[in-house]
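K.L.:
Dropping a structure here in structure tokens format, bear with me for questions.
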Amino acid sequence: MSSGLALQNEPAPIVACTVSSNVHHFGLLIEDMETELGEAWGDLGFEEARDFISALEPGNLEFIALAVRSEDEADLGRVGEVINVARTKKIKVILIPENLSTAALRELLRLGAEDFVPYPLADGALHEAIEKARAPEPQPAAPATGEGTGNTPTTGQRMQGKSAVFAVQNMAGGTGATTLAVNLANELTQIDKKNPPSVCLIDLDLQQGSVATFLDLPRREIMLEMLQEAPSMDVDGFKQALVGFGERLSVFTSPAEIVPLDIVGAEEVSALLDLASECFDIVIVDMPKTIVMWTETVLNRADMYFATIELDLRSAQNAMRFIKACRSEELPLEKVHYVLNRGPGMTDLNGKTRMKKLAESLGVKISTVLPDGGKQVIQAADNGEPLSAGAKKNPLRKEILKLADGLHKAMVADTAVAR
């Protein structure tokens, strides 16, 4: 190992490094690295690795073996920073995961790790990964459209550069805003089998956000810092903050800790929406039910602002307060679309009468009525999966799919008119 004294005038040049929170925990990795490289490797912690690699010239290291334990999942942000800086220096990353969750492993691979070898290491597994890392990369064919490949997410048609922004907000707790936001985002990624749009789901409920729970994704410590630094963040930094779900859904989760809603302002939220719109076809924002200073920012920016309500007095009173507040500030109420959750069924005439009276008392039109999905909705959330994964025939899922289809067709039509 390179940290020991070599009994030679010219020590072997360092060609690789292990990076971990505690390399001595990975005894088999040490043995295999010594077998493969002798003394031509070093060992770094996460923090020092980032600084060390940043100071290197491109090509000075062949690869790093990034060893990550389940205990490191609480702060995957610093692990992601190591991967990001390694990529900028053209250094291959071999991930050595031990008991990582599927979501964490998927995220680290998405950030740029070329290969992974589960720990404990199987015989010859590290050797094969090193050989693969050392193999010359095939030259990519030139894009037919003349566009650069870059690191931007796969984005389908990119809607001719026009991204749509949809926001969802509870008018009262428990009216299904997050359920709608999560499942609408997921359905939109699958709405066009030939050329599906890419979708970014942003959880701005900084205190009680549960998008990560609904999709079984990790909450990263770095999220609050990334949100506060959004005005100075570049596209690569923004993508590093995202957590992937499936092939085309990327999620900006709420912070790991409860923070004041005013810890960010209109400037940060506007910059975040700018970055998301630059990278994705569709941006969906899950809002807090509390009205904050930057609610106006999102409402002005959104193409549609879905307000979820139920057939009860609290929803009616809160919706009325919301409408009055928007009118006093001259905000675009025409963008607000009211979604009635757990709406009346076909034969529930009394419920339909109540729904009509609710709309009349508010002076609004209820544009979408969602049925009660029953226990399957709670089960899907507890399992960390969208309704399309475990309850495809659920009536709520079918209605959200219809909504997604209508939104996508409207986007395509708008794009065609703009050409």
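The values are calculated or read from the model by the stated rules, or taken from the named source; none is laboratory data. Quick caveat: nothing in here was measured; it's all calculated off a predicted structure. All Cβ positions, glycine included, derive from the backbone under ideal geometry; neighbour counts span all protein chains shown.
K.L.:
Counting just the residues of the stretch 207-225 that are assigned to a loop (DSSP other than H, G, I, E, B) and among the small types (Gly, Ala, Ser), which one comes out nearest to residue 293 (Cα to Cα)?
P.N.:
Our first condition is that a residue be assigned to a loop (DSSP other than H, G, I, E, B); within the stretch 207-225, this holds for 207-210, 215-221.
Those left that are additionally among the small types (Gly, Ala, Ser): 209-210.
On the way: 209: 18, 210: 21 Å.
Result: 209.
K.L.:
Between residues in the stretch 248-277 that are outside the structural domain of residue 233 (by TED's automatic domain parsing) and residues that are part of a helix (DSSP H, G or I) and at pLDDT below 95, which pairs lie under 6 Å by C-beta distance while being six or more apart or on different chains?
P.N.:
none
K.L.:
Would you confirm, using the coordinates I've provided, whether residue 37 is within 21 Å of residue 129 (Cα to Cα), outside the structural domain of residue 384 (by TED's automatic domain parsing) and at pLDDT below 85? Write out each step before concluding.
P.N.:
Values: within 21 Å of residue 129 (Cα to Cα): yes; outside the structural domain of residue 384 (by TED's automatic domain parsing): yes; at pLDDT below 85: no.
It is false that residue 37 is within 21 Å of residue 129 (Cα to Cα), outside the structural domain of residue 384 (by TED's automatic domain parsing) and at pLDDT below 85.
K.L.:
Determine, yes or no, whether residue 231 is in a helix (DSSP H, G or I), in the same structural domain as residue 278 (by TED's automatic domain parsing), over 22 Å from residue 112 (Cβ atoms) and out of contact with any Phe, Trp or Tyr (no Cβ under 9 Å at 6 or more places or on another chain).
P.N.:
Details: in a helix (DSSP H, G or I): yes; in the same structural domain as residue 278 (by TED's automatic domain parsing): yes; over 22 Å from residue 112 (Cβ atoms): yes; out of contact with any Phe, Trp or Tyr (no Cβ under 9 Å at 6 or more places or on another chain): yes.
Yes: the conditions hold for residue 231.
K.L.:
A further question follows. Do you know which residues across the stretch 181-211 are of a type in the set (S, T, N, Q) and under 21 Å from residue 337 (Cα atoms)?
P.N.:
Filtering the stretch 181-211 down to residues of a type in the set (S, T, N, Q) leaves 183, 186, 189-190, 195, 198, 207-208, 210.
Across the stretch 181-211, the qualifying residues are 183, 186.
K.L.:
Look through the stretch 253-277, keep the residues that are assigned to a loop (DSSP other than H, G, I, E, B) and over 15 Å from the mean Cα position of the chain (by Cα), and return whichever of them is modelled with the highest pLDDT.
P.N.:
Just the residues of the stretch 253-277 that are assigned to a loop (DSSP other than H, G, I, E, B), to begin with: 253-260, 264-265.
Imposing the further condition that a residue be over 15 Å from the mean Cα position of the chain (by Cα) reduces the set to 257-260, 264-265.
On the way: 257: 84, 258: 85, 259: 83, 260: 85, 264: 90, 265: 93.
If we take residues in the stretch 253-277 being assigned to a loop (DSSP other than H, G, I, E, B) and over 15 Å from the mean Cα position of the chain (by Cα), then 265 is modelled with the highest pLDDT.
K.L.:
What are the residues in the stretch 87-101 that are assigned to a strand (DSSP E or B) and aliphatic (A, V, I, L, M), if any? Can you show your working first?
P.N.:
Taking the stretch 87-101 and keeping what is assigned to a strand (DSSP E or B), we get 92-98.
Once the filter is applied, which keeps residues that are assigned to a strand (DSSP E or B) and aliphatic (A, V, I, L, M), the stretch 87-101 yields 93, 94, 95, 96.
K.L.:
Something else about it: So which residues in the stretch 51-70 are assigned to a strand (DSSP E or B) and surrounded by fewer than 21 Cβ atoms within 10 Å (Cβ to Cβ), if there are any at all?
P.N.:
We begin by selecting, within the stretch 51-70, every residue assigned to a strand (DSSP E or B); these are 63-69.
Of everything in the stretch 51-70, just one residue is assigned to a strand (DSSP E or B) and surrounded by fewer than 21 Cβ atoms within 10 Å (Cβ to Cβ), namely 69.
K.L.:
Name the residue, out of 19, 23, that is at pLDDT below 90, within 30 Å of residue 224 (Cβ to Cβ) and surrounded by 12 or more Cβ atoms within 10 Å (Cβ to Cβ). Step through it out loud before you land on a result.
P.N.:
Details: 19 fails: at pLDDT below 90.
Selected residue: 23, the only one of 19, 23 that is at pLDDT below 90, within 30 Å of residue 224 (Cβ to Cβ) and surrounded by 12 or more Cβ atoms within 10 Å (Cβ to Cβ).
K.L.:
Right, another one. Determine whether residue 346 is farther than 30 Å from residue 241 by Cα and of a type in the set (A, V, I, L, M, F, W, C). Walk me through how you get there before you give the answer.
P.N.:
Values: farther than 30 Å from residue 241 by Cα: yes; of a type in the set (A, V, I, L, M, F, W, C): yes.
Yes, satisfied.
K.L.:
Based on what the data block shows, is residue 362 touching a strand residue (DSSP E or B) at 6+ places or on another chain (Cβ under 7 Å), among the hydrophobic types (A, V, I, L, M, F, W, C) and either surrounded by fewer than 20 Cβ atoms within 10 Å (Cβ to Cβ) or on the phi < 0 side of the Ramachandran plot (or both)?
P.N.:
Values: touching a strand residue (DSSP E or B) at 6+ places or on another chain (Cβ under 7 Å): no; among the hydrophobic types (A, V, I, L, M, F, W, C): yes; either surrounded by fewer than 20 Cβ atoms within 10 Å (Cβ to Cβ) or on the phi < 0 side of the Ramachandran plot (or both): yes.
No, not satisfied.
K.L.:
Go through (1) part of a helix (DSSP H, G or I); (2) touching a residue at least 24 places away in the same chain (Cβ under 8 Å) for residue 48 and report which single condition fails.
P.N.:
(2)
Residue-wise test of (1) surrounded by fewer than 22 Cβ atoms within 10 Å (Cβ to Cβ); (2) aliphatic (A, V, I, L, M); (3) within 25 Å of residue 32 (Cα to Cα).
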residue: 72; (1), (2), (3): yes, no, yes
residue: 81; (1), (2), (3): yes, no, no
residue: 92; (1), (2), (3): no, no, yes
residue: 100; (1), (2), (3): no, yes, yes
residue: 109; (1), (2), (3): yes, yes, yes
residue: 120; (1), (2), (3): yes, no, yes
residue: 125; (1), (2), (3): yes, yes, yes
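K.L.:
When the residues of the stretch 211-269 are narrowed to those that are touching a strand residue (DSSP E or B) at 6+ places or on another chain (Cβ under 8 Å) and small (Gly, Ala, Ser), which ends up surrounded by the fewest Cβ atoms within 10 Å (Cβ to Cβ)?
P.N.:
244
K.L.:
How about the stretch 178-206: which of its residues are part of a helix (DSSP H, G or I) and under 23 Å from residue 275 (Cβ atoms)? Outline the logic, then answer.
P.N.:
So the first thing to find is which residues in the stretch 178-206 are part of a helix (DSSP H, G or I), and the list is 178-189.
178, 181, 182, 184, 185, 186, 188, 189, listed by residue number.
K.L.:
Please state which of the following conditions residue 239 fails to meet, knowing it meets all the rest: (1) part of a loop (DSSP other than H, G, I, E, B); (2) over 18 Å from residue 385 (Cα atoms); (3) in contact with a helix residue (DSSP H, G or I) (Cβ under 7 Å, 6 or more places away or on another chain).
P.N.:
Only one criterion is unmet by residue 239, namely (1).
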